[in-house]
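Note sheet for the following structure.
The values are calculated or read from the model by the stated rules, or taken from the named source; none is laboratory data. As the structure is a computational prediction, the values presented were derived from the model and not from experiment. We place every Cβ from the backbone using ideal geometry, glycine too, and count neighbours over all the protein chains shown. Only protein heavy atoms, including side chains, enter the accessible area calculation; ligands, DNA and RNA are left aside. Shrake-Rupley method; radii C 1.70, N 1.55, O 1.52, S 1.80 Å.
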Amino acid sequence: MPTRRSFLFSAVAAAPAFLTGKSPNERFTVAMMGFRGRGRQLLHGFAEMPDVLVKTICDVDRRLFDEAVSSVAARQGAEPAVETDFRRLLDDPDIDAVVMGTPTHWHAIPTILACQAGKHVYVEKPAGHNLAEGRAMLAAARKYNRVVQVGIQSRSGKTYEEACEYIRSGALGKVAFAKGWESARQRGIGNPADEPVPDGVDYDTWLGPAPKRQFNRNRFHGSWRWFFDYGTGDLGNDGVHRVDYARRGLEAAFKAMGKRLPDWPTAVAAAGGKHFFEDAQQWPDTLVVTWDYPGATLMYEMRNWQPTPIEGEAEGAAVYGENGYVVIGNGSWRAFDEDGKVIAKGASAKQDDDERHKADMLAAIRDGRTPACDIKIGHCASGLIHLGNIAWRTDRKLRFDPATETFGDDTEANRLLGRIYRAPWTLPRV
């Protein structure tokens with residue numbers, strides 16, 4: 001006899017469109033997985049939406065539950081249930097969507113399992129810990145007809161679309177270069193010793209597919225992003241946003257020139273290192289990456305210890321053409337002529353992007369369409385990050401084959417396209 005879940009899987013796989021079944025007046029029932037840091041912002045944001053009920057919240061750190069439950073209740077008028085095993089969220093037939101504010105190494109496996117269980121997904125960037133995970137997430141969303149929105153919020157922002165509209169007008173003339181950047185004064189994380197696992201924390205599940213290690217506060221809340229096992233460094237933390245600004249602008253410029261920017265570059269190179277901080281971080285604090293496309297180069301510059309702005313923006317991107325250039329910041333844009341005079345501009349509240357992005361996901365479910373940052377867009381944007389990190393780790397320019405999404409016969413580079421998984425948390429087969 002088939003189980004409820006096996007029946008659900010077969011029904012979802014055969015369903016047309018996105019199997020929404022939602023009328024405009026129905027509320028969405030949502031579960032939250034991981035609600036510290038960015039996850040906490042997402043939790044509060046969804047709880048404040050009038051057409052959403054946050055039914056259940058899930059985390060491996062029980063110490064977070066009391067505050068989270070009370071904060072959700074204050075926003076939606078009802079307390080959510082709590083779970084420590086995210087698989088219970090997938091078993092609940094009432095839950096329409098799962099929101100993931102987890103560390104990066106916990107993005108892919110729950111996303112794929114949620115799609116298989118008939119749930120839609122909002123997952124923070126980057127889309128997967130590595131390129132293979134992003135590809136699997138995309139395959140799952142398509143096979144099971146699920147809406148998967150990746151948390152690159154600018155994709156729902158009016159200002160960024162305005163900038164792209166200006167670029168698509170052809171005002172810049174011939175364009176062959178775009179650049180994104182991050183300049184900030186971050187703090188080091190030190191070199192604390194290993195210590196016992198805190199009471200209330202299921203550290204083995206937190207590690208999940210990553211190698212078994214002793215508990216260390218650096219390899220946990222917040223600072224996990226600076227380690228190879230769990231994160232993608234600042235390139236994947238903040239850089240993914242700014243690289244996407246630049247790539248999106250370059251894509252608009254190609255359209256103005258009657259061409260199409262390919263999804264993937266043909267080569268990638270990186271230079272940089274851990275030059276400033278003397279601590280436990282593994283990823284670089286200073287980095288330059290270039291991605292080569294036919295007819296154009298995309299570049300990223302990062303120094304997370306020095307805050308001097310570039311083109312007037314601490315975080316931003318620019319698209320350069322023969323007649324001038326466009327600078328895209330966080331919630332604003334400016335167009336300059338070839339003499340450096342501002343000739344057009346626009347701005348909006350950055351918070352609007354976040355609110356619009358969540359609302360766009362729900363509208364996509366209702367309307368049976370792909371969302372603003374559909375998993376395909378998220379996979380390509382995140383993929384650039386993964387390629388850049390691989391180029392830095394191998395310390396050489398790499399040739400990339402867009403048809404296979406591999407580095408051809410380069411065994412060393414190809415090994416970094418995926419990871420070794422620690423049982424039982426292996427990447428689900430799609």
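Taking θ as phi - 60° and the Karplus parameters 6.51, -1.76 and 1.60, the scalar couplings of region 103-120 work out to x, 4, 6, 10, 8, 6, 4, x, 4, 5, 5, 5, 4, 5, 8, x, 9, 7 Hz in sequence order, x denoting glycine and proline.
Only DSSP H runs of four or more residues enter the estimate; each adds -39500 (n - 2.57), and after division by the residues of the chain the mean residue ellipticity at 222 nm equals -9500 deg cm²/dmol.
What does the C-alpha gyration tensor say about the overall shape of region 244-393? Classify as rounded when a/c is under 1.5, otherwise prolate if a/b is larger than b/c, or oblate. The shape class here is rounded. Using a Gaussian network model of the chain in which every pair of alpha carbons under 10 angstrom is joined by a spring, one finds that among Gly118, Gly170, Gly101 the greatest mean-square fluctuation is at Gly170.
Of the trypsin sites (Lys or Arg not before Pro) found in region 335-399, the ones in coil according to DSSP and having at most 10 other Cβ atoms within 10 Å of their Cβ are Lys341. Among beta bridges identified by DSSP and lying wholly in the chain, the antiparallel ones come to about 60 percent. Put simply, when 291-299, 409-417 are sorted by average Cβ atoms within 10 angstrom per residue, most first, you get 291-299, 409-417. Counting only protein heavy atoms and a 1.4 Å probe, the chain has 41 square angstrom of accessible area per residue. For region 413-430, 3J(HN,Hα) computed residue by residue from phi via the Karplus equation (6.51, -1.76, 1.60; θ = phi - 60°) reads 5, 4, 4, 8, 6, x, 8, 8, 9, 9, 4, x, 8, 9, 5, x, 7, 9 Hz, glycine and proline entered as x.
Relative contact order of region 262-369: 13 percent, from C-alpha pairs under 8 Å at least 6 residues apart in sequence.
Just check region 252-309 against the gyration tensor rule for me: Cα atoms, a ≥ b ≥ c as the square roots of the eigenvalues, rounded for a/c under 1.5, and otherwise prolate or oblate depending on whether a/b exceeds b/c. The shape class here is prolate.
Computed from the Kirkwood radius of its Cα pairs, the Stokes-Einstein diffusion coefficient for region 24-77 at 37 °C and 0.692 mPa s stands at 293 µm²/s.
Given R0 = 45 Å, the distance between the Cβ atoms of Arg87 and Ala344 translates into a calculated FRET efficiency of 0.35. If you take the square roots of the eigenvalues of the alpha-carbon gyration tensor of region 158-303 and sort them as a ≥ b ≥ c, do you get rounded (a/c under 1.5), prolate (a/b over b/c) or oblate? Because a/c hits 1.5 or more and a/b exceeds b/c, region 158-303 counts as prolate. Every Cα-Cα pair in the chain was counted, and those over 29 Å apart are 46% of them. For the pair Asp194 and Lys143 in one chain, pulling the backbone fully straight at 0.36 nm per residue adds 14.1 nm over the alpha carbon distance. Model label sites at Asp51 and Glu165, defined 7 Å from Cα along the beta-carbon direction, differ in position by 2.3 nm. In plain terms, the chain from Arg415 to Arg260 could stretch by 52.8 nm, reckoned as 0.36 nm per residue minus the Cα-Cα distance. Looking at region 213-349 alone, DSSP beta bridges between its own residues are antiparallel in about 100 percent of cases. Could you pull out which residues in region 223-243 have an amide N less than 18 Å from a spot 7 Å beyond the Cα of Asp279, following the Cα-Cβ vector? Under 18 Å, as judged by backbone N against the label point of Asp279, lie 223-239 of region 223-243.
For Val52, nonlocal amide neighbours, meaning residues 5 or more places apart or on other chains whose placed amide H falls under 5 Å from its own, are Phe28. Here the Gaussian network model covers the chain, with springs between Cα atoms less than 10 Å apart; of Gly383, Gly45, Gly190, Gly190 fluctuates the most. What is the sum of charges, Lys and Arg at +1 and Asp and Glu at -1, for the other residues whose Cβ falls under 14 Å from the Cβ of Ala139? So the environment of Ala139 carries a net charge of +3. Test of understanding: in a Gaussian network model of the chain with alpha carbons linked when under 10 Å, which of Pro80, Pro402, Pro284 would top the mean-square fluctuation ranking? Among Pro80, Pro402, Pro284, the largest mean-square fluctuation in the Gaussian network model of the chain belongs to Pro402. Divide the volume of the convex hull around the Cα atoms of region 110-233 by the residue count and you get 186 Å³ per residue. Here the extension length gained between Arg217 and Ser70 equals 50.3 nm, from 0.36 nm per residue of separation less the Cα-Cα distance.
Taking the protein heavy atoms of the chain in the context of the full set of protein chains, the accessible area attributed to carbon and sulfur is 51 percent at 1.4 Å.
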